[in-house]
Amino acid sequence: MQEINVQYVAELARIRLTEEEETRFGGQLSQILEYVDKLNQLDVEGIDPMTHAVPLVNVTRKDEVQPSLSNELALKNAPASLNGLFKVPKIVE
Amino acid sequence: MEYEIVIGLETHVQLKTRSKMWCGCVNQFGGEPNTHVCPVCLGFPGVLPVANEEALRLTVLTGMLLNCGLPKRAKFDRKNYFYPDASKNYQITQYDLPSTLKGCVEFESENKTCRVGITRAHLEEDVGKSSHFDRVSGVDFNRAGVPLLEIVSEPEITSVQMASDYLNELKTILIYGGISDCDMEKGMVRCDLNLSTRPVGQKELGKKVEIKNMNSFSGARKALTYEMNRQIKVLRNGGALIQETRRWDDAEGMTHSMRSKEMAHDYRYLPEPDLMPFEPETAWYDSIRESVVELPLARKRRYMKDYGLPPKDTETLVSNPSLAGYFEKAAEHSKKPKAVANLILNNLRACMSESNHSVDDLKIQPTHIHELVQLVDSGKINSRIAQEVFNAVYESGKSPQGIVEEKGLAQVSDSSTIDAFCDEVIKANPKSVEDFQAGKQNALNFLKGQVMRLSKGKANPALVGQVLEKRILNP
Amino acid sequence: MDKSIHAFLSINKQGVLDQAEKADREIAEKGLSADRPLLGIPIAIKDVLAEKGAPLTCGSRLLRDFVSPYDATVVTQLKNAGALTFGRLNMDEFAMGSSTENSSVGPTCNPWDYSRIPGGSSGGSAASVVADECIASLGSDTGGSIRQPASLCGCVGLKPTYGRVSRYGLVAFASSLDQVGCNTKTVSDAATMLGVISGYDKRDSTSVPRSVPEYSAALQSSIKGMKIGLPKEYFVEGMQPEVASSIRQAVEKLEELGAEIVEVSLPHTEYAVACYYIIATAEASTNLARFDGIRYGYRVDGKNPFELYCATRGSGFGEEVKRRIILGTYVLSSGYYDAYYLKAQKVRSLIAGDFTKVFETVDALVTPTSPTTAWKLGEKMDDPLQMYLSDVCTLSSNLAGNCGISIPCGFTDNPTLPIGLQLLGPPFSEETLLKIAGDFEQATDWHCRKPVINNAGA
């Protein structure tokens, strides 16, 4: 059975789980990981990984300036703002 | 036991593009907070990045200037970490397939030519900027998404001076190539320092200490010096160093261990699914190669060889590419390149700094400098008058010849006029005449000065000396 | 009416009246024009596509108050075509789910039986079309999210080729799999909608620069002589017998219409679900990192940013989203990347290769859309793996980037529930799919059957 350290991974993903969720997810995720283990039946030696569904390359845009949002519109959905900034709890380095 | 240090540097440079890396917001320093932002650089739901072709071009050009290999294939990846200044909580960067490969920088340090390997230069995006208040912080995303080039050196730098010279050379190269304005005050260049210490003769590197986010070269120098001394002291006292990240406190002048509770980094890199890979064509590389400029070191060597300039002067010129370009135009047809350089380095720079002009603002043209040097060289004006003419040309942009004629500043070499001035001065200063006759050389200088004053500076100083001497000693 | 099935999250009443008035005036003044094929036609939009000034919640508590400052490219295209965009449709939170039960504001019900799910994640998109609450709707399809609800509710669901329709303004679930498409009442409407939303978009680097054909014209021609493959792997164990028999009858119908049916094999199909759930969750874990309560959205404060993130995301995301983010974070984390993510990407190549190979011999594939009809609300909520396995017929085409369409092909008797037929084609073969689907629709009347909608509320 594949064990997954749910607490550690949830912290990496910045998601607080209740103890009950942690236990339940642990069981469900182990089950899913066990299922996906079937990929190991396949020999993928020499197969290129597929990252994109279309084979495009060299997609760029011209270096041209487009209008920006106003400060008001930028902050309109912000839960908290301060002097035109997005307000956050104190960042301690 | 003797110890030696090994330094590696990661330099982040903002690229000189009009717009940001993934969106059309202006790439411009300053502005009211959160006014150079749009849904894309704010990481709003549903937006997609599209790569700025000019940023890719500048990256490849940098690679060429740093003698880097160029890949057949490059791509972008997501580097995942949560931080309030990261608008998507991942940074788009080039992880395993950067746009440039290994290269090197050559520069002079402590009278030697040094070469430091470049591991890679890769393209990524800048993050927003946090301000800290009493109890809260605030984030401005104007800078978020500005194209940022990270230039990683090999750990091949062996002294603080060498690190400093490397950084300055790199900066000059980037300014030369038009890659970045490298304005430190605007945060366009920042660097991370890696320093380790080991006993001389030991092969393996010591424990690597990383000092992040230095925003001035002088700060970097101080931090490296402090850290070197600290590490050597720890080792001398029989202590052990650990691999860690330290923070430089400029006010205290020390580094501090960052023992934050933050969990170990696990960036979970993955290929950016929203951006397609790059498979540059040879023709594209060739077109960029046309923008490759002469590197500062090569230019320095050329100035010393072709113009006979002393190392100090060449350095000053070369470190300022626009001034160097100005110099080359002025010196192009001059027989006295050294005199041209002097005028530029002394007079021109002084006037520019006083009036806060840049080379582009100047009324005085390189040909004017050349002409002025010719006027002095041919004896048309003396070097003191040249100063006055220079100032007038600087102000007006009129030709030196024109100024000389307009103001009647041509040197007086006519012997009867000079004789008359000399006679007048000899008559008026019998004491000095006596002193000179008694062998006091200074007295002659005084008398010469009086003649020059009488001629309003226009008399040919060499001629004045000769006439005075002849008249006083053989009356 | 919507009280019964709860397809809509919000409706812009004033906005739609104004738009309708304008459309009336335009029709009166200029008449209808080919440039404005949707003039005055009410189209509803899955709440995952940005529409300027409208809420964009993605069915999530985290975005419950978010109002978009910009239009998705497809929304601009709809507006330019004259459509009335008037309402936002319910969905599984961030398009993660197969039943619309993962919406933070409660599920949408199947118009044929309110005690059953409408499929997902675009449950609102399919249900609203079937319940005649709109003419057509936009949805998104990452693993079957347009086609499976179409099948379970009984309408047409079209997932275009990856890169055919711009993703700009589509809130990403799994960027390399997501594609915008539509639910419609008829194949001909699907052709019209596709014509409007297709095309290259410079804001989307994965958008393919390729001209847009006259899709409606494709419907004129016949499927006579076409070769259609029947992939044996899609007739899976546990398939509902009525589904299997309806598909068999549909296949016979296609043969009658002149198509040649051949059995084909897509040998890596059994690995698709595993492959899909690794890739989709990995991409989702990073796509959804931006929902942190800093720049927008719901916030639970904390004494430092770390605490704020954990609290906001812990209570702002629903259970399925949290489960998938954690799975995705895990498969990308140090030490596991190669074993899971890289491996899955390689398997994805094999799956895509199966399709490339098979499309060398056939024009399209015919399969069931879903192995079962709509199940009861709550039935699979405690078993995420079973829920994932229900997408087995649809998600391979997302992995490969192909196009697909689901059309009604039958009903179960008791209770009366729709069954969907899926047609899959190689990249940019939408015309072929529309042609087959159109011929089938002409020859059958499944699409004419309507559920009785009562207004009493579920």
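Here, each number is a calculation from the coordinates, and none is a lab measurement. In this text, all values refer to a predicted model and were calculated from it rather than measured experimentally. All Cβ positions, even for glycine, are placed from backbone atoms using ideal geometry, and neighbour counts span all protein chains on display.
Once both axes come from the Cα atoms, what is the angle between helix B:160-176 and the longest principal axis of chain B, in degrees from 0 to 90, rounded to 10?
80
Using only the alpha-carbon atoms, how far is helix B:217-236 inclined from the longest principal axis of chain B? Give it as 0 to 90 degrees, nearest 10.
On a 0 to 90 degree scale, this one is about 60.
Sorted by mean Cβ packing within 10 Å, highest first, what order do the peptides C:103-116, C:198-211, A:64-77 take?
C:103-116, C:198-211, A:64-77
Using θ = phi - 60° and the Karplus relation 6.51 cos²θ - 1.76 cosθ + 1.60, list the HN-Hα couplings for segment B:181-195 in order, rounded to whole Hz, with x at every Gly or Pro.
7, 6, 6, 5, 5, 9, x, 6, 10, 9, 9, 9, 10, 10, 9
About the Cα centre, and with charges only on the beta carbon of Lys, Arg (+1) and Asp, Glu (-1), how big is the dipole of chain C? Nearest 20 debye, please.
Charge dipole, chain C, about its Cα centre: 1020 debye, nearest 20.
I'd like to verify something in chain C: which complete DSSP H helices, judged by Cα projection on the helix axis, reach 18 Å or more and average at least -0.5 on the Kyte-Doolittle scale?
Going by DSSP H runs, the hits are C:272-287, C:319-332, C:343-358, C:430-443.
Check each of the GluC sites (Glu not before Pro) in segment C:1-69 and keep only those in coil by DSSP with at most 14 other C-beta atoms within 10 angstrom; list them in order.
Working: sites: C:Glu21, C:Glu26, C:Glu29, C:Glu51; in loops: C:Glu51.
Here no GluC sites (Glu not before Pro) fit, given the DSSP loop and packing criteria.
Local charge sum around C:Pro384 (other residues, Cβ-Cβ under 11 Å, Lys/Arg +1, Asp/Glu -1)? Walk me through the numbers on the way to the answer.
Working: positive: A:Arg24, C:Arg323, C:Arg324, C:Lys380; negative: C:Glu319, C:Glu320, C:Asp382, C:Asp383.
With Lys, Arg at +1 and Asp, Glu at -1, the net is 0.
Limiting things to C-alpha atoms, what are the Rg and the maximum Cα-Cα separation (Dmax) for chain C, in angstroms?
Just the Cα atoms of chain C yield Rg and Dmax of 20.7, 69 Å.
Limiting things to C-alpha atoms, what are the Rg and the maximum Cα-Cα separation (Dmax) for the protein assembly as shown, in angstroms?
37.4, 140
Let me check I've understood the local charge: for C:Thr206, count other residues with C-beta under 10 angstrom from its C-beta, Lys and Arg +1, Asp and Glu -1. What total comes out?
-3
Classify segment B:296-407: rounded, prolate or oblate, from the alpha-carbon gyration tensor (a ≥ b ≥ c, eigenvalue square roots; a/c under 1.5 rounded; otherwise prolate if a/b is larger than b/c)?
oblate
Straight-line reach from A:Lys87: which lysines have Cα under 30 Å away, leaving out those fewer than 8 places along the same chain?
Of all the lysines, those that pass the test against A:Lys87 - Cα under 30 Å, at least 8 places apart if same chain - are A:Lys76, B:Lys16, B:Lys20, B:Lys79, B:Lys88, B:Lys129, B:Lys186, B:Lys212, B:Lys261, C:Lys52, C:Lys303, C:Lys322.
Can you give the Kirkwood hydrodynamic radius of chain B from its Cα pairs, in Å with one decimal?
26.7
Straight-line reach only, C-alpha to C-alpha below 19 angstrom: list the lysines that C:Lys232 could link to, leaving out same-chain residues fewer than 8 apart.
C:Lys253, C:Lys357
Long-range amide H contacts for B:Thr245: which residues qualify at under 5 Å (H placed 1.01 Å from N, peptide plane, sequence gap of 5 or more or a different chain)?
Those qualifying (amide H under 5 Å, at least 5 residues apart or on another chain) are B:Glu210, B:Met258.
From the backbone phi of segment B:80-96, what are the Karplus-calculated ³J(HN,Hα) couplings (6.51 cos²θ - 1.76 cosθ + 1.60, θ = phi - 60°) in whole Hz, Gly and Pro given as x?
Computed from phi, the couplings for segment B:80-96 are 8, 6, 8, 7, x, 8, 9, 6, 10, 6, 8, 10, 7, 8, 9, 8, 9 Hz.
Less than 28 Å apart at the alpha-carbon level, and either on another chain or at least 8 residues along: which lysines does that give for B:Lys431?
Cα-Cα hits under 28 Å: B:Lys440, B:Lys448, B:Lys456, B:Lys458, B:Lys470.
So for chain B: antiparallel DSSP bridges make up what percent, rounded to the nearest 5?
95
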